[in-house]
Every structure is written in structure tokens, then in C-alpha cells.
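Each reported figure results from applying straightforward, stated rules to the coordinates on display, with no laboratory input. Computed from a predicted structure; not experimentally measured. Here the Cβ is made from the backbone with ideal geometry for all residues, glycine too, and neighbour counts use every protein chain on show.
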Amino acid sequence: MQRRLYTVIFCLIVFLIVASSVSFYFYLEVKKEMDQKNVQIFSPTEGKEVVLPFEIIGKARVFENVVTVDVSDRKGNILFKSFTMAGSPDVGKFGDFRSQVYSFNKIPEDGEVIVRAYYDSPKDGTPQDIFSVPIKIDLGKHSRLNIFYGNSIKGNLNDCQSVFVVERLTAKTQTPAAQALIMLFSGSFSLEETEAGYFSSIPAGVHLRAVNIDKKGTAKADFSRELNQGGGSCKVTAIRAQIENTLKQFETVKKVVIAVEGETETALQP
């Protein structure tokens, strides 16, 4: 009887030691997680040299799982900005996020840029828990493209075909004409460009089906049906001007033919 009692006491002691150890382990793990920054970037790493496109990968536990990512030059000019979602399983838990950077809205003066991830305060929109990673961009491995847009400040609203150039930095490609049109349709502007009056007349949802340049210098660009949702004659003229000027930046292009779903006669009719 006494021996059995000792056995029970011994088992109870072992149980308490194990339970205490497990509890302490989980306490340390929870404390470790709570001590971590709410937003973290794993890739790219500090000082890494990258080329476009590259991916920003990290984890976050933020309000409504919305993470803001941006890239800026050393003067603070925003070159890229986007929003992504962290896959947090529950409130207060970390979730992974990733965001692809395809191009820059501005050309950095040198290859020194800063990648940031953070969340915007629900109270006043200010960035919170900013995680910054300085990296390098090899400018020699990228292409500079001219994209043409309307401008409500520089232009005359009565001149429907008035367009103005903005510069973009993107990955080098064997099909720069197609890349330029894709960037044109994205309609992505920096805050400074928006404040400076730049806008696009191209309808949302347009995508490029094909673009070919023949030996005579005629570029035939074929677009999805959304392009024909342009509106009146002035809007159609503005759309045509944006496409033609963007393509004519290339020396091989002398003439531009626009098609919608393969049809040229019905393309961009008011």
C-alpha cells in the first residue's frame, strides 16, 4: 500500500514537471512571437542586388490583414506602391504575404532603393510598424520606356490628342513594344504624377492580344473588346493618341494600325 502511494506521488511529480515544462515552453513561444515586429520582410534581404521583376515576401499580423508595400529611392520618391493580403489564420496571428514588383513609376538616380512593408493606421492612414530593407537595382539590366498619358494641367482639354510622356523602368525584354502597351494599360501613376494631372483615357480591363511590326514599319496592335468602350469622339481620339505615341517611340515604327478582336474597321469608332 505504501509502495503504491509512493508510485502515485512519483507519477504526480513527474506529471507536474512535464506539465510545467510544456507550459513554460509555450509561454516562451508565445512571448517570442509577441516580441516580434508586426510586419517583417524575408526577401529581398538587405544589400541584395535584384532585377525587375522581383518579389517582396514577408509575414504580418495587422489590421484586416492588409499590408502596404512600396519601393522608394534615397530621396523618398515612391517608385512602386501596392497592397497585398497577409494570410493570417486568426486575429493576432502572423500570415504570409507576397507582392510582385514589375516596374518602377520613376527612374532612380542610382541603384540604391529601399523596400518597405507596413500597414496604414485605420485612424489616420499613417504608416505603422514600418519594416525597411535597403537593396540595390542594377540599372544597366533594365529598359527605360516612354508611356504617354493625358494631363489636365499641361494640356488643353479642347485638344483631345494632346498627350505627355512619363518614363518607366522595367525588365529588359525582347518585345519592348508589347511591354510598353501593357504598362500603358495598367494606368499606374505615382502620387506625384496624379497630383501633376496625369490621367489615362483608356477604359479599364483592356488587354493586348498581339502586336506585330512589319518590315515597312507598320505596327498592328490588336486589343480586347473593352477598348471599344471608350465613349465619344474626343475620348476615342485621346485613346488613339496614347497608343500611337507610345508605339512611335520605337524607331522601327512609322505607322500604327489599331484593331479590336482582329477587326480594324470597327476599332475605336465614336
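Per-structure values
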{"read-out": "Spacing of the two label points (7 Å from each Cα toward its C-beta) at Lys48 and Phe189, in nm", "value": "3.3 nm"}
{"read-out": "Per-residue [θ]222 nm for the chain (sum of -39500 (n - 2.57) over DSSP H runs n ≥ 4, rounded to 500)", "value": "-8000 deg cm²/dmol"}
{"read-out": "Hits among aspartates and glutamates - C-alpha to C-alpha of Lys254 under 14 Å, sequence gap 8 or more where chains match", "value": "Asp214, Glu244"}
{"read-out": "Prolate/oblate/rounded call for the range 141-260, Cα gyration tensor, a/c under 1.5 rounded", "value": "oblate"}
{"read-out": "Check: the chain dipole with +1 on Lys, Arg Cβ and -1 on Asp, Glu Cβ, in debye", "value": "560 debye"}
{"read-out": "Among the listed pairs Lys141/Lys216; Lys141/Lys248; Lys48/Lys248; Lys48/Lys141; Lys59/Lys81, those beyond 25 Å (Cα-Cα)", "value": "Lys141/Lys216; Lys48/Lys248"}
{"read-out": "Estimated FRET transfer efficiency (Leu157, Gln249; beta-carbon r; R0 25 Å; 0.05)", "value": "0.55"}
{"read-out": "Trypsin sites (Lys or Arg not before Pro) restricted to DSSP loop in the range 54-158 with at most 14 other C-beta within 10 Å", "value": "Arg74, Lys75, Lys93, Lys123, Lys154"}
{"read-out": "Coil-residue GluC sites (Glu not before Pro) of the range 92-192, DSSP, other Cβ within 10 Å capped at 11", "value": "Glu109"}
{"read-out": "Given charges at Cβ of Lys, Arg, Asp, Glu: the range 141-260 dipole, positive-most of Gly155, Ala238, Pro176", "value": "Pro176"}
{"read-out": "The chain: relative contact order as a whole-number percent, Cα under 8 Å and 6+ apart", "value": "14 percent"}
{"read-out": "All Cα pairs of the range 39-137, percent lying beyond 22 Å", "value": "25 percent"}
{"read-out": "Alpha-carbon gyration tensor eigenvalues x 5, square-rooted, for the chain, Å", "value": "55, 20, 18"}
